[in-house]
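Data block below; observations after.
The values are calculated or read from the model by the stated rules, or taken from the named source; none is laboratory data. Because the structure is predicted, anything quoted here is derived from the model rather than measured. Cβ placement follows ideal geometry from the backbone for every residue including glycine, while neighbour counts extend to all protein chains displayed. We work out accessible area using only protein heavy atoms, side chains counted, and drop any ligands, DNA or RNA first. Shrake-Rupley method; radii C 1.70, N 1.55, O 1.52, S 1.80 Å.
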Amino acid sequence: MRNTRLYDRHVVRLSPTEAGEDVRQFLQGLVTQDTAAMMPLWAGLLSPQGKALFDFLLWADGKDVLIDCESTQAEALVRRLSIYRLRRKIAIAIDPACAVFWNADGIGDPRHPNMGERWIGTPAADDVDVSAEYRAHRLALGITEGVAELGSEQSLWLEVNAAELNGVSFNKGCYVGQENTARMNWRQKVNRRLVVVPLEQADISRQRCAYPELGLSVELRRVDDMKTLKLPEWQRAAIV
């Protein structure tokens, strides 16, 4: 049986190159999740103002950490992490020996129990590309990801529903963009959110991207404008 692979995802490997170096501790001061927790984790790397630059899933592989990210942003993510590395003895590179696989059945994605099974494995020439099926499944649940939908420095992390989708820890120490994220959570005030709506309800002025083949629009809307929308239960509960 051939594996069902997400060809639009790459894997970035972070590895210690000297004894005593700690990759999780390095990431702890950068990303929105508590890297001491059990992985996989959905997390973001933010601007100092708390806006999303990259989102990804973190996987443990011994002392290494694997980052499951969109392929078009993998090199940019490597460059960004390398800037923060400074003199840390950590190798950061895309790992072509790893690939991301997905199946609609099963569980394993930390964002939502209905997201299906997801795993890191070895790519093969006869893998089946299920990127389109995964996108349709994800958007049907109202879950957004990637630069096309989240934007780059366009959305605050809580505006992309990070709290509801287990993408942020409010109990860990500081990380890049933590101040604004923590302040929004403390005030319990998220005025705008990313939503997935049918194209017939689209508001072009708020649209991030559209998927005509799915009849869907991804938009950043004010919460006050979401009352009449048909939203998934997890998101409806967040705006009540």
* To do: Kindly list, by first and then second residue, each pair from a residue in region 73-102 that is without any contact (Cβ under 8 Å) to a residue 24 or more places away in the chain to a residue that is surrounded by 19 or more Cβ atoms within 10 Å (Cβ to Cβ) and in a strand (DSSP E or B), limited to pairs with Cβ atoms under 7 Å and residues at least 6 apart or on different chains.
  => 82/92
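For (1) of a type in the set (Lys, Arg); (2) within 15 Å of residue 9 (Cβ to Cβ), each residue gets a yes or a no:
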residue	(1), (2)
69	no, yes
75	no, yes
84	no, no
87	yes, no
91	no, no
94	no, yes
97	no, yes
100	no, yes
103	no, yes
* From (1) touching a helix residue (DSSP H, G or I) at 6+ places or on another chain (Cβ under 8 Å); (2) modelled with pLDDT of 95 or more, pick out the condition that doesn't hold for residue 110. => (1)
* Search region 229-240 for residues that are of a type in the set (Gly, Ala, Ser) and pair each with any residue that is at pLDDT 95 or above and not in a loop (DSSP other than H, G, I, E, B) when their beta-carbon atoms are under 8 Å apart and the residues are at least 6 apart or on different chains. => 238/193
* Quick one: which strands (runs of 3 or more DSSP E) lie wholly within region 1-114 and hold at least 2 residues that are more than 19 Å from residue 175 (Cα to Cα)? => 9-16, 52-61, 64-70, 90-94, 99-103
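Open to solvent by 50 Å² or more (accessible area, probe 1.4 Å), within 22 Å of residue 177 (Cα to Cα) and not polar (S, T, N, Q): is that true of residue 88 in this structure? Give the steps one after another, and end with the answer.
Values: open to solvent by 50 Å² or more (accessible area, probe 1.4 Å): yes; within 22 Å of residue 177 (Cα to Cα): yes; not polar (S, T, N, Q): yes.
Yes.
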* **region 148-175, residues that are farther than 17 Å from residue 208 by Cα, of a type in the set (A, V, I, L, M) and surrounded by fewer than 20 Cβ atoms within 10 Å (Cβ to Cβ)** => 163
